[in-house]
1. Relative contact order for the chain: what is it in percent, counting Cα pairs under 8 Å that are at least 6 residues apart?
2. So what is Rg over Rh here for the chain, counting just Cα atoms and using Kirkwood for Rh?
3. Say each of ALA320 and ASN248 gets a label point 7 Å from the Cα, pointing the same way as Cα to Cβ; how far apart are those two points in nm?
4. Among all helices in the chain defined by DSSP H, which have a length of 18 Å or more along the axis from Cα atoms plus a Kyte-Doolittle mean of at least 0.5?
5. Of all DSSP beta bridges in the chain, what percent run antiparallel (nearest 5)?
6. Calculated FRET efficiency, LYS234 and GLU199, Cβ-Cβ r, R0 35 Å, to nearest 0.05?
7. Which entries in LYS234/LYS309; LYS121/LYS309; LYS83/LYS234; LYS48/LYS214 show an alpha-carbon gap greater than 25 Å?
8. So if R0 is 25 Å, what FRET efficiency would GLU101 and ASP44 give, r being the distance between their Cβ atoms, rounded to the nearest 0.05?
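Rule-based calculations on the coordinates, nothing more; no lab input. Everything numeric here is computed off the predicted structure, so don't read it as measured data. Here the Cβ positions follow ideal geometry from the backbone for every residue, glycine too, while neighbour counts run over all protein chains shown.
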Amino acid sequence: MNKKLIGVVVAIAAGLGLAKYVRSRQQDGVMDSGEQWTTANMPDLTGKVIIVTGANSGIGFEAAKAFARKGAQTILACRNMDKAQAALATLQAEIPQAKAEIMPLDLASLDSVRQFAEAFKAEYDQLDVLVNNAGIMMVPYGRTEDGFERQLGTNHLGHFALTGLLFDLLLNTPGARVVNVSSGGHRFGEMDFDNLMFEDGEGYSPMGAYGRSKLANLLFTYELQRRFEALGAKVMATAAHPGISETNLANHMVPDWVMPLARPLFALMMQSAAMGALPTIRAAVDPQAEGGDYYGPDGAKEQRGYPVKVTSNEASHNVADAQKLWQVSEQLTGVMYGTGRE
Ligand SMILES: NC(=O)c1ccc[n+]([C@@H]2O[C@H](COP(=O)([O-])OP(=O)(O)OC[C@H]3O[C@@H](n4cnc5c(N)ncnc54)[C@H](OP(=O)(O)O)[C@@H]3O)[C@@H](O)[C@H]2O)c1
């Protein structure tokens with residue numbers, strides 16, 4: 001076998017192995033079923049302002065389109081402006097009446113997060129839904145601009161800072177929501193506050209760090225909800241996961257030249273990005289949703305299907321860990337909640 005062929009076989013085996021591993025670690029946490037909630041169930045969103053991070057592809061793009069189609073002023077917060085521009089053009093071609101704009105946001109840079117928050121606040125005086133969707137998965141060990149381990153830095157700390165900087169606006173928008181996009185992969189994450197960032201790569205595994213960042217998304221969601229309640233705010237925090245959906249998330253896991261070969265296989269294994277976006281959309285706009293709700297697909301092992309309330313694991317409900325993570329996240333990012341200012 002030549003080297004390229006071996007590469008293809010290894011990549012496909014890795015993809016199948018990952019899917020199998022995730023399946024084996026997931027429990028069937030579906031709480032209700034039998035309903036088929038779709039975008040047809042969405043309320044009218046005219047007059048609402050919604051931010052979607054990482055909206056140029058995958059789940060974020062599908063969610064942004066759904067919000068724009070229902071009349072929301074939709075902000076696609078993206079790190080790559082060329083990709084963002086292309087996504088906006090596609091969105092506008094599909095939905096000519098869309099009220100949508102792109103704004104630069106790199107969650108791996110606290111400077112960028114601050115600039116985004118300032119630019120957003122200069123333009124808008126309300127924020128109805130903040131969808132913390134952007135994410136990277138199973139990348140090799142690396143650090144963000146601020147020295148944070150890349151997956152925790154991007155998936156959790158960047159969104160923690162963003163939410164904190166927009167906190168005052170959320171509190172002043174009755175009925176506002178924060179939606180954090182987690183993953184079934186939270187089940188293989190563990191918090192270790194003695195080495196939260198896998199310093200210098202110590203103990204690092206791409207999957208372990210991804211799992212930790214996705215567990216952090218849920219700890220953050222539930223703690224945020226407790227804090228909204230303590231403040232008596234008419235704002236809530238919800239979470240969602242897309243099951244296993246065909247997006248760009250796994251792109252870097254295989255060499256570029258393998259992707260055209262692996263894609264048909266992935267398509268067989270995964271549901272569409274549009275289906276995968278439904279839990280996020282439901283968590284964002286379903287009038288029946290309550291603070292702390294977590295939505296995922298209703299199919300076997302929550303891999304595919306229509307969005308329903310699901311359960312997350314015990315570790316994600318550990319209040320002491322949630323409070324510790326909050327405190328550490330404030331220290332690391334310099335963003336203090338309560339006032340919404342640093
Ligand atoms: N697809 C699944 O099966 C699955 C399963 C479980 C959970 N999820 C979660 O779903 C969310 C969306 O992922 P996806 O599947 O839609 O993958 P995707 O197509 O790769 O989308 C991820 C988005 O995040 C953006 N992003 C990455 N790093 C960023 C940064 N530093 N700053 C700003 N944006 C950044 C990407 O921008 P670029 O295009 O510039 O890279 C892209 O727009 C993630 O949180 C992921 O963990 C997905």
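1. Contact order relative to length: 21 percent.
2. Dividing the radius of gyration by the Kirkwood radius yields 0.94.
3. 4.2
4. Counting only whole DSSP H runs, the qualifying helices are 3-25.
5. Counting only bridges with both partners in the chain, antiparallel ones make up about 15 percent.
6. According to the calculation, E is roughly 0.30.
7. LYS121/LYS309; LYS83/LYS234; LYS48/LYS214
8. Given R0 = 25 Å and the Cβ-Cβ separation, E is 0.80.
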